[in-house]
């Protein structure tokens with residue numbers, strides 16, 4: 001691997017680490033019943049889109065070459081294994097959330113079937129589904145029908161302004177499923193998986209076209225950033241609106257414009273750090289980045305135990321984040337699976 005490629009991957013690893021730390025900071029504030037300043041919330045809102053953009057980057061970088069070589073089975077095995085990891089980690093957090101709140105067993109089953117929601121760990125079920133469908137997205141990207149990805153990505157963003165997306169109300173608690181999958185319903189949960197594909201394929205595009213040590217080397221990425229910033233400034237929305245969850249929960253156009261801009265800024269800064277700072281400075285962030293699933297599961301489980309029980313203090317914040325860092329050091333907490341046991345091997349290449 002060349003030096004450029006190493007810096008490229010380290011830069012995106014740093015971006016993922018920053019995103020997960022911002023998400024955990026936001027969750028910690030909520031668990032301790034603290035409302036931070038608007039400026040802090042503006043930064044925190046970049047965590048989820050940055051994480052998804054980096055997901056798309058690594059999805060293309062690591063798995064698309066295998067798709068090109070007709071090794072769909074390998075890609076499906078790896079990504080479905082990650083999907084199963086995410087689901088079981090989500091299952092664990094649901095058990096903690098249900099236990100500490102003395103919820104009924106029926107409600108716990110609803111949580112595990114995606115028929116309700118949790119305060120902090122719904123992103124794990126989001127990724128369980130995203131990993132599951134990713135082999136087919138890559139296969140479509142490599143096919144003659146790749147242009148169909150454009151309406152798949154864009155139509156949900158257009159429709160939401162003209163007609164209410166249908167809810168699965170005919171299924172008991174089905175509104176939670178429709179909200180999760182495509183934003184159909186009035187449950188507070190966003191962004192939906194279908195709407196978030198725009199972030200995934202932004203990451204895919206960056207991976208496909210990236211060279212050097214900066215996003216600005218790509219004139220189209222630079223154009224996206226400029227247009228996003230101009231749109232943010234002319235939209236009839238205040239920075240207070242952008243700092244809240246209003247736009248995210250409704251899958252609003254404003255959320256995706258602001259998030260695209262912020263995620264690109266975070267990634268560009270991370271690439272700068274990777275290029276100009278010694279590894280000692282960002283090694284803790286890399287530890288967090290490479291253990292993001294572990295931290296998101298067990299770190300949020302700690303917050304579930306503390307939820308609304310304590311007031312915020314500097315000492316408590318330091319203690320909580322020290323626990324988060326120690327959790328990231330225990331890689332064995334991430335369940336490992338051999339998904340080959342559950343899949344039929346194809347007789348030939350697909």
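The values are calculated or read from the model by the stated rules, or taken from the named source; none is laboratory data. If you're wondering where the values come from, they're calculated on a predicted model, not measured in any experiment. When we count neighbours, we look across all protein chains shown, and the Cβ atoms used for this are built from the backbone with ideal geometry, even at glycine.
No other residue among 59, 79, 42 is in contact (Cβ under 8 Å) with a residue 24 or more places away in the chain, surrounded by fewer than 18 Cβ atoms within 10 Å (Cβ to Cβ) and within 19 Å of the chain's Cα centre (by Cα) apart from 42.
Contact annotation: residue pairs with Cβ atoms under 6 Å, 6 or more positions apart or on different chains, pairing a residue in segment 298-319 that is at positive phi with a partner that is surrounded by fewer than 16 Cβ atoms within 10 Å (Cβ to Cβ), are 308/33. Residue 212 fulfils the conditions (1) assigned to a helix (DSSP H, G or I); (2) at pLDDT below 90; (3) under 17 Å from residue 58 (Cα atoms) except for a single criterion, (1). Checking 166, 172, 119 one by one, the residue that is closer than 26 Å to residue 16 by Cα, modelled with pLDDT under 95 and not in a helix (DSSP H, G or I) is 119 and no other.
Do the conditions hold for residue 301, that is, is it under 24 Å from residue 195 (Cβ atoms), part of a helix (DSSP H, G or I) and under 22 Å from the mean Cα position of the chain (by Cα)? No, not satisfied.
Within segment 133-163, the residues that satisfy the criterion of being assigned to a loop (DSSP other than H, G, I, E, B) and closer than 23 Å to residue 257 by Cα are 160, 161, 162, 163.
Table: residues versus (1) over 17 Å from residue 299 (Cβ atoms); (2) free of Cβ contacts under 8 Å to residues at least 60 places away in the same chain; (3) touching a strand residue (DSSP E or B) at 6+ places or on another chain (Cβ under 8 Å).
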{"site": "95", "(1), (2), (3)": "no, yes, no"}
{"site": "102", "(1), (2), (3)": "yes, yes, no"}
{"site": "105", "(1), (2), (3)": "yes, yes, no"}
{"site": "108", "(1), (2), (3)": "yes, yes, no"}
{"site": "123", "(1), (2), (3)": "no, no, no"}
{"site": "128", "(1), (2), (3)": "yes, yes, no"}
{"site": "135", "(1), (2), (3)": "yes, no, no"}
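Screening residue 183 with (1) at negative phi; (2) at pLDDT below 90 gives one miss only, at (1).
Residues that are surrounded by fewer than 16 Cβ atoms within 10 Å (Cβ to Cβ) and in contact (Cβ under 8 Å) with a residue 24 or more places away in the chain within segment 143-162 comprise 152, 154, 161, listed in sequence order. Within segment 263-272, being out of contact with any helix residue (DSSP H, G or I) (no Cβ under 7 Å at 6 or more places or on another chain) and closer than 15 Å to residue 22 by Cβ holds for 265, 269. Filtering segment 180-209 to residues that are assigned to a helix (DSSP H, G or I) and over 16 Å from the mean Cα position of the chain (by Cα) leaves 205, 206, 207, 208, 209. Of the helices (runs of 4 or more DSSP H) lying entirely inside segment 233-291, those containing at least 3 residues that are touching a residue at least 24 places away in the same chain (Cβ under 8 Å), surrounded by 15 or more Cβ atoms within 10 Å (Cβ to Cβ) and under 18 Å from the mean Cα position of the chain (by Cα) are 253-276, 279-289. Exactly one residue out of 113, 124 is touching a helix residue (DSSP H, G or I) at 6+ places or on another chain (Cβ under 6 Å) and within 22 Å of residue 185 (Cβ to Cβ), and it is 124.
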